[in-house]
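> Here's a structure for you.
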Amino acid sequence: MAQLPIGDDQIEPFEATLHGPVIRPDDADYDDARAVWNGMIDKHPALIARCRGVGDVINAVHFARENDLRVAVRGGGHNVAGTAVCDDGLVIDLSEMRGVRVDPDARTAWVQAGATWADVDHETHTFDLATPGGLVSETGVAGLTLGGGLGHLRCKYGLTCDNLASIKLVTADGDYLTASEDENAELFWALRGGGGNFGVVTGFEFDLHPIGPEVATCLVFYPGDRIAECLRAYREYVASAPVEVSTLALAGVMPDEKLFPADAVDEPKIGIVGCYAGSVADGERALLPLREIDEPIADFSGPMPYVELQQLFDEDYPDGVRYYWKSLYLDGLSESAIDRIAYWTDVAPSPLSTVDVWQLGGAIAQVTVEDSAFAGRHAPFLLGVEANWERPEDDDANVEWVRDCLDDMRQFSDGSVYLNFPGFLEENDDTMRTTFGPTYERLVALKDEYDPTNVFSLNQNIAPSGSAQTGGGGSYE
Ligand code: FAD
């Protein structure tokens, strides 16, 4: 049960300043409102402010400051580390702010910060336009964009944050600012990759690109005893693939009875998944080699509406299941790295878990750390280690598997991670410094300017100067 650090005499006047509801621990909808996607997270906030506009967000920030409350900011509630909620403090919840407005002539979209990718894709797809989002449409736009954003269009059009034209946000002082190349440019630099450290974003303006309505896709699965051979062929393929191709390889059992023949359901597999951001005919040709690596178990590749591709994996990540994910940028896919990926896939304690290799490069690598704070453009691949399981008694085995795998795979990496797949960063973890390298001090200078008392600390945290905290605010205890 949440400890209420404040009483009705403070809460009631606050409620009166909001257009949206304030949800308290004894309200009927409290448990639904505090739940996030990851079933490992069980936090009890003192209050949840469901904001309906910028005015509500400004009033909520002032209220938290005046009452010295911990602050969590919730976009789509899909951060694996559960940083969208907290114990005892205030959740500034933007989940009712989901408006999307497309200007098809200017090829831009204004998106409120509580929107999901399904909200955005629905509107942009109407005009055969898209901005690069993530691979699961229920994920929030806000967290994904502020942390970078890797999607099906990444090698052609870059990260999600590379497609931002401007951002509106409320700072820790309650100021309402625009950040763009022309206004508060240094803040704009930091927001593209620096996460939720600098304020509460209320809206994003994205550039859009012509996509679809159909795109060529690759969705092919090979037997698990061919993981090493497939990864070798995959490495050779992506080395000369056109920038329109963005793919990932995922290895695991993935026991889906609807997709696979009965004798393959419970066996390990490797899948290669992705799309071609261009004409369907060119894409079918370009993706063909990935479908001919070996005799597939199943091949669902083919043209598909882009908006359907964006929702294809939604069912695989249901709310409330237990998740622990981490990542590591890889220097390459050497023979020994491939062998270790095959090994860690083999020993995964849960059949729902996967070891993923994301292809990077292309447009992602064309942007520098001078252009945006995002760290990780140098790497050719990103390793994602996803433990997904159902029973609480299996927590330790699954968490340990991810941690051991990461410890082993660090030999193939400079140790930097993709901050949107962070697992839980412990306090004083040096992952943030390792990941940002020299850029970290530039981010600290901005944190000192915009949030010197670390009001926004529940994130992959950039601690202001003089603060003891480094690392992150996520935990599942
Ligand atoms: P939330 O949990 O709501 O927020 C996470 C953090 O973001 C908050 O703690 C806060 O620090 C910050 N934040 C959120 N809203 C705001 C705001 N309005 N203003 C300021 N800060 C804010 N990532 C990819 O790049 N590509 C993928 O394909 C991809 N697939 C995923 C699939 C699933 C099923 C899941 C669970 C995650 C996936 N991710 C992917 C990771 C995803 O990018 C992060 O989990 C991201 O944090 C989710 O954003 P959210 O708004 O839903 O998160």
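Residue-by-condition table, conditions (1) within 19 Å of the chain's Cα centre (by Cα); (2) among the polar types (S, T, N, Q):
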| position | (1), (2) |
| --- | --- |
| Leu287 | no, no |
| Asp299 | no, no |
| Tyr317 | yes, no |
| Arg340 | no, no |
| Pro349 | no, no |
| Thr354 | yes, yes |
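> Could you pull out the residue among Thr145, Thr83, Thr126 that is open to solvent by 10 Å² or more (accessible area, probe 1.4 Å) and within 20 Å of the chain's Cα centre (by Cα)? Quick ask: steps written out before the conclusion?
Details: Thr145 fails: open to solvent by 10 Å² or more (accessible area, probe 1.4 Å); Thr126 fails: within 20 Å of the chain's Cα centre (by Cα).
Going through Thr145, Thr83, Thr126 in turn, just one is open to solvent by 10 Å² or more (accessible area, probe 1.4 Å) and within 20 Å of the chain's Cα centre (by Cα): Thr83.
> Now for a different question. Mind checking which pairs have a first residue in segment 435-447 that is outside the structural domain of Gly148 (by TED's automatic domain parsing) and a second that is part of a helix (DSSP H, G or I) and open to solvent by 20 Å² or more (accessible area, probe 1.4 Å), Cβ under 8 Å, 6 or more apart or different chains?
Tyr440/Arg433; Leu446/Glu186
> Here's another thing I want to ask about it. With the requirement that a residue be closer than 28 Å to His122 by Cα, in contact with a Gly (Cβ under 8 Å, 6 or more places away or on another chain) and open to solvent by less than 30 Å² (accessible area, probe 1.4 Å), what does segment 287-324 give you?
Selection gives Leu287, Tyr306, Gln310, Val321, Tyr323.
> Which one is farthest from Ser457 (Cα to Cα) among residues in segment 48-58 that are in contact with a helix residue (DSSP H, G or I) (Cβ under 7 Å, 6 or more places away or on another chain) and not β-branched (Val, Ile, Thr)? Lay out the reasoning, then the answer.
If we filter segment 48-58 for residues that are in contact with a helix residue (DSSP H, G or I) (Cβ under 7 Å, 6 or more places away or on another chain), which is where we start, we get 48-49, 51.
If we keep only those that are not β-branched (Val, Ile, Thr) too, we end up with 49, 51.
Values: Ala49: 18, Cys51: 20 Å.
Filtering first and then ranking leaves Cys51.
The values are calculated or read from the model by the stated rules, or taken from the named source; none is laboratory data. These numbers come from a predicted model, not from an experiment. Every residue, glycine as well, gets a Cβ built from its backbone with ideal geometry; the counts of neighbours run over all protein chains shown. Accessible surface areas use protein heavy atoms only, side chains included; no ligands, DNA or RNA. Shrake-Rupley method; radii C 1.70, N 1.55, O 1.52, S 1.80 Å.
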